[in-house]
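Step one of this worksheet: look at the structure below.
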Amino acid sequence: MKKQRFLLSVGLIASGCAVGYWAARARAAVPSTETLSYSGVLTDTAGAPINGARNVQLQIWDQAMDGNIKCLVGPTALTLTAGAFKMALPPTCTTAVQASPDLWVEVIANGESLGRTKLGAVPYALEAGHALAADVATASTPPTVLRVTDKRSGCPGASAANSDQVAASFNLAKATTVEIKGHNIRNVAGRADLLLVLDGVTVTEDLTYTPVAQWAPAHVSWAGTLAAGAHTASLRAPDANIWGCGEVWGDITVVMH
């Protein structure tokens, strides 16, 4: 049987291993003493999200090759919907992640390895259990973490050009250092840009390009000091109806220090 290459969708191209999955980026790393989880999306090599049952295992290593496994999760039988999966990490993984920034995660689906990705290279590969799931937050005891997901239906989701795909509103009692990170995925041939808009002004963007129509991720981030008062951060794009595939793909995380 002819073997297939795989793509690891964090801006890295991986080859040399014979697997038929694409492991999408997975979410949010926020220092925390609480439970962490790892979430992502599996697609086939054509970029279509996989549905149905899959056995998924996570291995966290201390080196990119060889080395030692610092913690192990699964294999766990999961039912994928639009390719999405989410796995809680045990305390040993939480301890390992907090103890060292030099760790690599390997996702194994139905016994097929998708290779290793450095956790530090995937800013939102881990999700803190205490992150807020609301659309609006008020900073209280720092750091306050607000995460809002893309709630549009469809793959891609329906949205007009230059409209909000996902938006997070937050209130600051005083001038505060804020970190904002956003992610989404698009399916189109050619160029597609993801914009991070803060209080109605574009503060940064990520340009993506694929020669054919396929899923590809985009990541945007901004950090700075904001004045007291109400603020809104959102993801937008110049093109309509090409971004998003549910809550696993699209999100904004705001960390108020």
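The values are calculated or read from the model by the stated rules, or taken from the named source; none is laboratory data. The shown structure was predicted, so the numbers you read here are calculated from the model rather than taken from an experiment. No Cβ is skipped: glycine too gets one built from the backbone with ideal geometry, and neighbour counts run over all protein chains shown.
Here are some notes:
- Pairs, first free of Cβ contacts under 8 Å to residues at least 24 places away in the same chain in the range 101-115, second of a type in the set (G, A, S), C-beta under 7 Å, six or more apart: P101/G120
- The range 206-257, residues that are closer than 16 Å to T176 by Cα, in contact with a Lys or Arg (Cβ under 7 Å, 6 or more places away or on another chain) and crowded, with 18+ Cβ neighbours inside 10 Å: T253
- Qualifying positions in the range 215-244 - farther than 12 Å from T202 by Cα and not small (G, A, S): W215, P217, H219, T225, L226, H231, D239, N241, I242, W243
- Flag for A237 being assigned by TED's automatic domain parsing to the domain that holds A160, closer than 21 Å to A161 by Cα and in contact (Cβ under 8 Å) with a residue 24 or more places away in the chain: yes
- Here is the figure for the range 90-107: residues that are under 18 Å from the mean Cα position of the chain (by Cα) and modelled with pLDDT of 80 or more total 5.
- Members of the range 214-228 found to be in contact with a strand residue (DSSP E or B) (Cβ under 6 Å, 6 or more places away or on another chain) and either among the polar types (S, T, N, Q) or closer than 30 Å to A173 by Cα (or both), listed by number: H219, V220, S221, W222, A223, T225, L226, A228
- Scanning the range 92-119 for residues that are surrounded by 20 or more Cβ atoms within 10 Å (Cβ to Cβ), touching a Lys or Arg at 6+ places or on another chain (Cβ under 8 Å) and in a strand (DSSP E or B) gives W104, V105, A109.
- Extreme residue, modelled with the highest pLDDT, among residues of the range 18-42 that are among the hydroxyl-bearing types (S, T, Y) and crowded, with 22+ Cβ neighbours inside 10 Å: Y38
- Residue check for E179: within 25 Å of A82 (Cβ to Cβ) and either modelled with pLDDT under 95 or assigned to a strand (DSSP E or B) (or both): no
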